[in-house]
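First the structure, in the form of structure tokens, and then the observations on it.
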Amino acid sequence: MNIILIGFMGSGKTTIGRKLAVRLGYRFVDTDRQIQREQDCKVSEIFAQNGESYFRALEIDLLKRLQKVHNTVIATGGGILTASCNLDLIRKLGTSVYLKASIEEICERVSRNNKRPLLQTNNQEQTVSQLMESWNNLYLKADFTINTESLRMSFIVSQIIREL
Ligand code: S3P
């Protein structure tokens, strides 16, 4: 079985995914980091040099190649479901979990660095709200949702394991 974590940028997919993989004795893949490794280039540079649609094509290609993995926790990029074929690829991969965080919490987390190209705007909070409004319904297509608000990481991991 595989577990695929989806959710907005800064919702904790990478950190929680790593801990979840350790607890389950699973492997861990972070799609952003894997793409960066394979392209030898940061995600922000891929966006700047080749544009968002090129990055989305890399995400689709990676999800297709991941179809053969087992016992793996996969943390995905926040915009992965904007490519409509990815929901199907994620469903085929395994159990999907939406890590839901509030706009306030996300804004606090994403303001710590400038590595997210879609959030480099004059009004980051407004951009987060707008993107969240259009992406939340996509995330809700996950097999189940975990509300991460103010919860300790270890508790979130336990909750995911309980729901599996
Ligand atoms: C992106 C999501 C981000 C990061 C980059 C692009 C996107 O991932 O890869 O800013 O537009 O899908 P996180 O959700 O891990 O922050």
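A short reminder: the numbers here are calculations on the coordinates, not readings from a lab. Not measured: the values here are computed from a predicted model. Reconstructed Cβ throughout: ideal geometry from the backbone, glycine too, with neighbour counts over all protein chains shown.
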field: Protection proxy ranking of 6-12, 31-37 - average other beta-carbon atoms within 10 Å, highest first
entry: 6-12, 31-37
Selection from Phe55, Gly77, Gln67, by position along the positive dipole direction of the range 34-91 (Cβ): Gln67
message: Let's see if you can work this out: charge +1 on each Lys and Arg Cβ, -1 on each Asp and Glu Cβ, no other charges. What is the dipole magnitude of the chain about its Cα centre, in debye to the nearest 20?
response: 640 debye
For the range 1-78, fraction of C-alpha pairs farther apart than 18 Å, in %: 41 percent
task: Report P(r) for the chain: all Cα-Cα distances, bin width 5 Å, range 0 to the bin holding the largest distance, values in whole percent.
output: 1, 9, 19, 23, 22, 16, 8, 2, 0
query: In the range 108-164, if every C-alpha pair distance is counted and binned at 5 Å from zero, what percent goes to each bin?
result: 4, 15, 18, 18, 20, 16, 7, 1, 0
- request: Anything over 19 Å Cα to Cα? Flag those among Lys19/Lys115; Lys42/Lys92; Lys92/Lys141, in the order listed.
  value: Lys19/Lys115; Lys42/Lys92
